[in-house]
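Asks: Here it is, the structure, as structure tokens.
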Ligand code: F6R
């Protein structure tokens, strides 16, 4: 795992955008893994800026998002489907994008469909990750066993609390999600993990001390051959 500490969140987003630009230059029809949450917003803004400036082209690429609440309507403002359209898909020319379907009647069938689509696309070339305060990646919560493929998971109190900030007082917040499994994430040929802000400093420290804590899902990335972690100074302050 390669660790790169940069001064600011903006620097981190630019450095991660450079990796996307290089990937798409080498392989225009790349398969991109995408994340939601507050961490990637600056990266999506930077990629949209570069697209506007004709510096990057997504026309031949396709994408798969990591996860989606379940159940949730796509039109719900807190669905990851809505988030991705709002923050990214509406701003760039990436027309082939897929997200686990939070409206699916049969969650198990939806997980199977998703894995089959990823496999048919040839697997993920470049996967983007954020990290939860509890070390989750996607919605792979700390556990004693980890799934290979996409599955329906129960969110932990920690994740529900962390994401409550996005939901209105009277809105029902989902407690389950469809997420790519650790195996699916791990099969990505390249992974970029972004960690920003002092709130993430304790989990960044735990990840980067180089010990595989099996109750910190992100620690599996320590075994991945091509993962880069970008941290801003605040997130790296305890490392
Ligand atoms: C979202 C996802 C999650 C987030 C993590 C951090 O698709 O996969 O693992 O990356 O919860 O969220 P933020 O960036 O909001 O702190």
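Bear in mind these aren't lab numbers, they're just calculated from the coordinates by the rules spelled out. Values in this document were obtained by computation on a predicted structure and should not be read as measured data. Every residue, glycine among them, receives a Cβ derived from its backbone with ideal geometry; neighbour counts consider all protein chains shown.
Asks: List 145, 75, 38, 63 from most exposed to least, where exposure is judged by having the fewest other Cβ atoms within 10 Å.
Replies: 145, 75, 38, 63
Asks: I would also like to ask the following. Can you give the FRET efficiency for residue 41 and residue 90, using 1/(1 + (r/R0)^6), R0 = 22 Å, r = Cβ-Cβ distance, to the nearest 0.05?
Replies: 0.95
Asks: Once you put a point 7 Å from the Cα of residue 145 and another 7 Å from the Cα of residue 21, both along the Cβ direction, what distance in nm separates them?
Replies: Label at residue 145, label at residue 21, 4.6 nm between them.
Asks: Next question, about the same structure. Between the range 99-128 and the range 28-71, how far is it from one alpha carbon centroid to the other, in angstrom?
Replies: Taking the Cα centre of the range 28-71 as reference, the centre of the range 99-128 is 17 Å away.
Asks: Rounded to the nearest 0.05, what FRET efficiency do residue 49 and residue 4 have when you use their Cβ-Cβ distance and R0 = 30 Å?
Replies: 0.90
Asks: Continuing with this model, one more query. In the range 152-168, whose amide N lies under 20 Å from the spot 7 Å out along Cα-to-Cβ of residue 108? List them in ranges.
Replies: Residues 152-155 qualify, since their backbone N sits under 20 Å from the label point.
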